[in-house]
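Here is the structure we will look at, set down as structure tokens.
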Amino acid sequence: MRILQTHVDFIEYEPTEKEIKDAEEVEKKKYRYDDVVVLFTSVEEGDNDAVAKTAIDDVKTFLGKVKCNEIILYPFAHLSRDLAPPSDALKIIKEMESHAKGLKIKVHRAPFGWTKAFQMRTKGYPLAETAKIYSKHEKEVETRVEKKEKLTEHGMMARIRKSDFSGLPETDHRVIGEKLDLFSFQEPSPGMVYWHDKGVKLRNILMEFIRAELAKRKYIEISTPALANTVLWRVSGHWDHYKDNMFTTELGNEEFGLKPMNCPSTFLYYKSKKWSYKDFPLRVSDFDQLYRNELSGVASGLFRVKVLTQDDAHTFVTEDQTESEMSEQVEIMKKMYDVFGLKYNVKISTMPDDHIGTKGQWDKAVDILKKVVKKNGLKAEVKEKEGAFYGPKIDVDIKDSMGREWQCSTIQLDFQMPQRFQLTYTGEDGKEHTPIVIHRVIYGSFERFIGILIEHYQGKFPVWLAPVQAIVVSISDQNEKYAKTIEKELLENGIRVVSDYEANTIGYKIRNAQLQKIPYSIVIGKKEEDAKTISVRSNYDGKEKQGVKIENFVKQIKDEIKNFN
């Protein structure tokens, strides 16, 4: 059994059509539930009543932590490829429903066997979205598979394949990403992205874009180990709040974990030196990969992955610098998002029931956040009790092409962890003081942000962002030599260019460039070679210019890149 457990402000769904003949009878209307925990559930081959009860027992524990006692069981086949037969699956889900009622949980159940249109808004605190895999039958399934495949190399290789995105709409980032050869998902690494050459280029462009912005603001950049003793997260407090979503292993007789966030390691960097108030604000960025053991991958593509990269940063400030530095972070967010024309909503999340620190500290921090949001001309919805366990935060949700909201930027004010790590700086009075830390990401997860951008632009990226900015195509092999000199000159000028010298018609080559959503096609034929010029076709509007000098085209692209924002 696989469950994606999501605490939501609301979920609204409407059954549209039956997927199977024996689907449950239900009225076709909109159903809505507020402040409820949604259990997106895939029942797998071999699941039994014991698995069902264990899953609900875990949910009961979670409900106690978040002060909610209402769930909706939502059959969701997309989480697994090893699904139980429909009749068995429905029986297990009904067992889950029965056991939940026995535990005095208020329970609803979305109809089984239906295609449903739905929308929801996930709450903003760290564990609002968690995932579980219940697989007591795992050994039995593995044995069946091994016997069936007889452990032959061919049989095992048959299981190593690319994820299938068939059936998704053409506007979905997974479909577009596959067509543009940006990335893939492979079954041996569920929920982890295989970035292809053009995808890596896109990722690097975004990374260097924000790096350049941070350089103007005097950020320093660090990198820390992926693996650390779990004592690090016990000190930070993450172990009590996040250990279920960590990858852990044993080295010798000690337990280690892959880092799910950067802040504890950044604090160790801070402790490696002595700091003064003259060093503040100290802005430290980190683009390391993070590892989170969540149910993810094909079901959500780039929007929810197990291995991710964030444009992470931690700023160490004195108390009187807090408001201005928080405002600086909001300014960066606004500038970045405006470049892409993204629409977003802002939320202020306050002290959760499960928190560290005093109420007085929290109230003071929340007041600062409200002032910062107002100063930047933004309106923010206050989300009570949805802050991180160590401090309140400003969360920014981007609307994707389908109107769904995804949390990307978050700016968190932390009075607590600097105390837990015994961080200090020398103040103007010559005494030791504890700094305040601002945790923040702007893009958030690069993977999620790229998924949003792919759908936002439908793969037709502006020139500055396009992984490939131009393609050189020859009309015949007689023009190939001249075409290669053009290609070389573009490369030397920093233009991201590819070529097509294959024995196909020029119409076919242009059409292929359009499908690959490459901004410009440069056509080289006898006329262009004789005149030492090029013909340039814009794949944005289909217009073509002939007799263009190569230096003029280079200047045009460089001007477009320079003036994109």
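Read-outs: derived from the displayed coordinates by stated rules, not from any lab. Worth saying up front: this structure is predicted, and the values here are computed from it rather than measured. Cβ placement follows ideal geometry from the backbone for every residue including glycine, while neighbour counts extend to all protein chains displayed.
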Residue-count net charge about L214 - beta-carbon cut-off 10 Å; Lys, Arg +1, Asp, Glu -1: +2
Fully extended contour minus Cα-Cα distance, from Y194 to Q419, at 0.36 nm per residue: 77.1 nm
Say the dipole of the chain comes from +1 at the beta carbon of Lys and Arg and -1 at that of Asp and Glu; which of W362, S272, V37 then lies farthest toward its positive end? W362
Relative contact order of the chain, please, whole-number percent, based on alpha carbon pairs below 8 angstrom and at least 6 residues apart. 11
Taking every DSSP bridge whose two residues both lie in the chain, the antiparallel percent to the nearest 5 is 75
So what is the relative contact order of the stretch 291-423, in percent, for Cα pairs below 8 Å that sit 6 or more residues apart? 24
Cβ-placed point charges (K, R +1; D, E -1), dipole of the chain about Cα centre in debye, nearest 20: 900
Compute the distance in nm between two label points, each set 7 Å from the Cα along the Cα-to-Cβ direction, one at I561 and one at Y508. 3.2
Be a star and scan the stretch 208-229 for residues whose amide nitrogen sits under 18 Å from the point 7 Å along the Cα-to-Cβ vector of K243. 228-229
Under the classification rounded if a/c is under 1.5, otherwise prolate if a/b is larger than b/c and oblate if not, where does the chain fall, given a ≥ b ≥ c as square roots of the Cα gyration tensor eigenvalues? oblate
Formal net charge of residues neighbouring K60 (Cβ-Cβ distance under 14 Å; K, R +1; D, E -1): +3
Alpha carbon centroid spacing (whole Å) that separates the stretch 465-536 from the stretch 324-339: 39
Among C263, T410, I20, whose Cα lies farthest out toward the positive end of the dipole of the chain, if unit charges sit on the beta carbon of Lys, Arg (+1) and Asp, Glu (-1)? T410
Along the charge dipole of the chain, which of Y194, I495, L308 sits closest to the positive end, that is, farthest toward it, with unit charges on the beta carbon of Lys, Arg, Asp and Glu (+1, +1, -1, -1)? I495
At 7 Å along Cα-to-Cβ for each site, give me the label-to-label distance between E255 and E489 in nm. 6.4
Give K278/K374; K375/K399; K271/K375; K509/K545; K30/K399 a once-over and call out the pairs whose C-alpha atoms are over 25 Å from each other. K278/K374; K271/K375
Restricting to lysines and to Cα separations under 17 Å from K60, and discarding same-chain partners fewer than 8 apart, the set is K94, K101, K104, K106, K132
Which residues' amide hydrogens lie under 5 Å from the amide hydrogen of V382, considering only partners 5 or more residues apart or on another chain, with H built in the peptide plane? I348
Please give every one of the aspartates and glutamates within straight-line cross-link reach of K53, meaning a C-alpha to C-alpha distance under 14 Å, and leave out same-chain neighbours fewer than 8 residues apart. E95, E97
In terms of the alpha carbon gyration tensor, root eigenvalues a ≥ b ≥ c, rounded if a/c is under 1.5 and otherwise prolate when a/b exceeds b/c or oblate, the stretch 162-267 is oblate
For the stretch 196-331, what is the relative contact order in percent, using Cα pairs closer than 8 Å and at least 6 residues apart in sequence? 23
On a full-extension model of 0.36 nm per residue, what is the gain between Q289 and S476, subtracting their alpha-carbon distance, rounded to one decimal in nm? 62.7 nm
List the lysines whose Cα lies under 22 Å from the Cα of K273, skipping any in the same chain that are fewer than 8 positions away. K218, K431
Per DSSP helix of 4 or more residues, -39500 (n - 2.57); summed, then divided by the residues of the chain. What does that give at 222 nm, rounded to the nearest 500? -10500 deg cm²/dmol
Report the FRET efficiency, 1/(1 + (r/R0)^6), for H433 and E331, where r is their Cβ-Cβ distance and R0 is 25 Å, rounded to 0.05. 0.40
Efficiency of FRET between D367 and L103 - r from beta-carbon atoms, R0 60 angstrom, step 0.05: 0.90
Using the Cβ atoms and a cut-off under 9 Å, what net charge is assigned to the surroundings of A513, where Lys and Arg are +1 and Asp and Glu are -1? +3
